[in-house]
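Encoded as structure tokens, the structure appears first; notes follow it.
The values are calculated or read from the model by the stated rules, or taken from the named source; none is laboratory data. Remember, it's a predicted structure, so these values are computed and weren't measured experimentally. With ideal geometry, Cβ positions are generated from the backbone for all residues, glycine too; neighbour counts draw on all protein chains shown. The accessibility values were calculated without ligands, DNA or RNA, using every heavy atom of the protein model including side chains. Shrake-Rupley method; radii C 1.70, N 1.55, O 1.52, S 1.80 Å.
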Amino acid sequence: MRPKTSLHEGDDRNLLLGKTSLVNELFVRSADDNYITARWCAQNELNIDFLWLSSHAIEKYLKATLLLNGHSSITSATNGKKYSHNIELLYQNVKRFAEDLLPDKLSKPSELDIFHWRERTPEEYLKHLTQNGNADNRYLIYGYDTVSEDVHMLDAMVFAIRRLICPLDERWFPHDQDGAPKFTHREHLLHKNKYYQKLAMPLDEIIRETKSSPKRDAALNLNMMFAPENFQHKLIRAGSAWQASILDRRVLDPLESDDSRTASQGIKIAQWLVENVKLPQDSVKGKIEESIRKAKNKHCLG
């Protein structure tokens, strides 16, 4: 006879199911959309949105992982800092309890035919995304640089993190299944390093489909982490792209000019920008204000 589930055990399982459902709907669903759209942007050379959406997707996957493993997605328990969009800090805190499941390096997949590949650690790649795809850079404040392997490293990072969106140290089989094995999600993931749990979210639905579509191609073309074995990949143009900061060219450079007329006009533009556009306080706004002060002193413009 199958033993009855205790009231306490049933309540705990219902609570976990409720939390999992909320996390999937609030974080994973939109993260999958961001990830798929980021890949489409990369394939269509829309680099600013590729970098921003990549960072945004990873942020949500990391927060989902924290939440289902007993942590806050708002504040770091180690130093009390608010996460906001800080994917590097989020990753550090996920790594504290999941280091055994995360890659040491982002190496080129053997099946991927790509000429250029600069191997990075996950931390190095996330630093690159922070510099080029942070929330402020949606307005191209800092400029950007990106290379072909960035999208494939994104695939590797998403795969590594998305498979952690589960209570790692809870049993893989529900507690109330009579005679079920007692290994945990963590043990299962360690044993099967190509396995990830299907979450019934947009990425899972696209992988399950068999009919070709622009959305499915965007998600899976040259995606060696998630594409099924029978997916027909198509070659895309490789290369690199960069864009200098608009603030350097249009604001800071005129303020540093030796020509007083150019500097005077630059001061007016810079003051207008500071007064009417929200800028990062220390790294950008403070630098512009200091440059305005120097330009005024240099050209005796008061």
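Can you confirm whether residue 128 is within 30 Å of residue 48 (Cβ to Cβ), at pLDDT 90 or above and either part of a strand (DSSP E or B) or touching a Leu at 6+ places or on another chain (Cβ under 8 Å) (or both)? Break it down into steps so the answer makes sense when it comes.
Working: within 30 Å of residue 48 (Cβ to Cβ): yes; at pLDDT 90 or above: yes; either part of a strand (DSSP E or B) or touching a Leu at 6+ places or on another chain (Cβ under 8 Å) (or both): no.
Against the criterion (within 30 Å of residue 48 (Cβ to Cβ), at pLDDT 90 or above and either part of a strand (DSSP E or B) or touching a Leu at 6+ places or on another chain (Cβ under 8 Å) (or both)), residue 128 does not qualify.
Just one of (1) modelled with pLDDT of 95 or more; (2) assigned to a loop (DSSP other than H, G, I, E, B); (3) open to solvent by 80 Å² or more (accessible area, probe 1.4 Å) trips up residue 210, so point out which.
Unmet for residue 210, out of (1) modelled with pLDDT of 95 or more; (2) assigned to a loop (DSSP other than H, G, I, E, B); (3) open to solvent by 80 Å² or more (accessible area, probe 1.4 Å): (1).
Of all residues in region 252-280, which are open to solvent by 30 Å² or more (accessible area, probe 1.4 Å), farther than 28 Å from residue 135 by Cα and either in contact (Cβ under 8 Å) with a residue 12 or more places away in the chain or assigned to a loop (DSSP other than H, G, I, E, B) (or both)? Can you show your working first?
If we filter region 252-280 for residues that are open to solvent by 30 Å² or more (accessible area, probe 1.4 Å), which is where we start, we get 253, 256, 258-262, 264-265, 268-269, 271-272, 275-278.
Pick out the ones that are also farther than 28 Å from residue 135 by Cα and you get 258-262, 264-265.
Hits for region 252-280 are 258, 259, 260, 264.
Given 76, 21, which one is free of Cβ contacts under 8 Å to residues at least 24 places away in the same chain and open to solvent by less than 20 Å² (accessible area, probe 1.4 Å)? Working first, answer last.
Values: 21 fails: open to solvent by less than 20 Å² (accessible area, probe 1.4 Å).
The match here is 76.
Looking only at residues in region 281-302 that are under 23 Å from residue 134 (Cα atoms) and not aliphatic (A, V, I, L, M), which one is least open to solvent (accessible area, probe 1.4 Å)? If you could, list the steps in order and put the result at the bottom.
Initially, region 281-302 is screened for residues under 23 Å from residue 134 (Cα atoms), giving 281-289.
Now drop any that are not not aliphatic (A, V, I, L, M), which leaves 281-283, 285-287, 289.
Values: 281: 113, 282: 134, 283: 68, 285: 53, 286: 28, 287: 109, 289: 83 Å².
Checked region 281-302; the qualifying residue least open to solvent (accessible area, probe 1.4 Å) is 286.
Within region 97-112, how many residues turn out to be assigned to a helix (DSSP H, G or I) and either hydroxyl-bearing (Ser, Thr, Tyr) or surrounded by 14 or more Cβ atoms within 10 Å (Cβ to Cβ) (or both)? Quick ask: steps written out before the conclusion?
Of all residues in region 97-112, those assigned to a helix (DSSP H, G or I) come to 97-101.
Adding the requirement that they be either hydroxyl-bearing (Ser, Thr, Tyr) or surrounded by 14 or more Cβ atoms within 10 Å (Cβ to Cβ) (or both) leaves 97-98, 101.
The number of residues fulfilling the criteria is 3.
List every residue pair whose Cβ atoms lie under 6 Å apart, where the two residues are 6 or more positions apart in sequence or sit on different chains, the first residue falls within region 113-141 and is surrounded by 20 or more Cβ atoms within 10 Å (Cβ to Cβ), and the second residue, located anywhere, is outside any helix (DSSP H, G or I).
Taking only residues 6 or more apart or on different chains, the pairs are 125/106; 132/144.
Look through 90, 68 and report the one residue that is touching a Pro at 6+ places or on another chain (Cβ under 9 Å), open to solvent by less than 40 Å² (accessible area, probe 1.4 Å) and either at negative phi or of a type in the set (D, E, K, R) (or both).
Numbers: 90 fails: touching a Pro at 6+ places or on another chain (Cβ under 9 Å).
Exactly one residue qualifies, and that residue is 68.
Working only within region 224-266, note down all residues that are small (Gly, Ala, Ser) and at pLDDT 95 or above. Break it down stepwise before answering.
We begin by selecting, within region 224-266, every residue small (Gly, Ala, Ser); these are 227, 238-241, 244-245, 257, 260, 263-264, 266.
Selection gives 227 alone.
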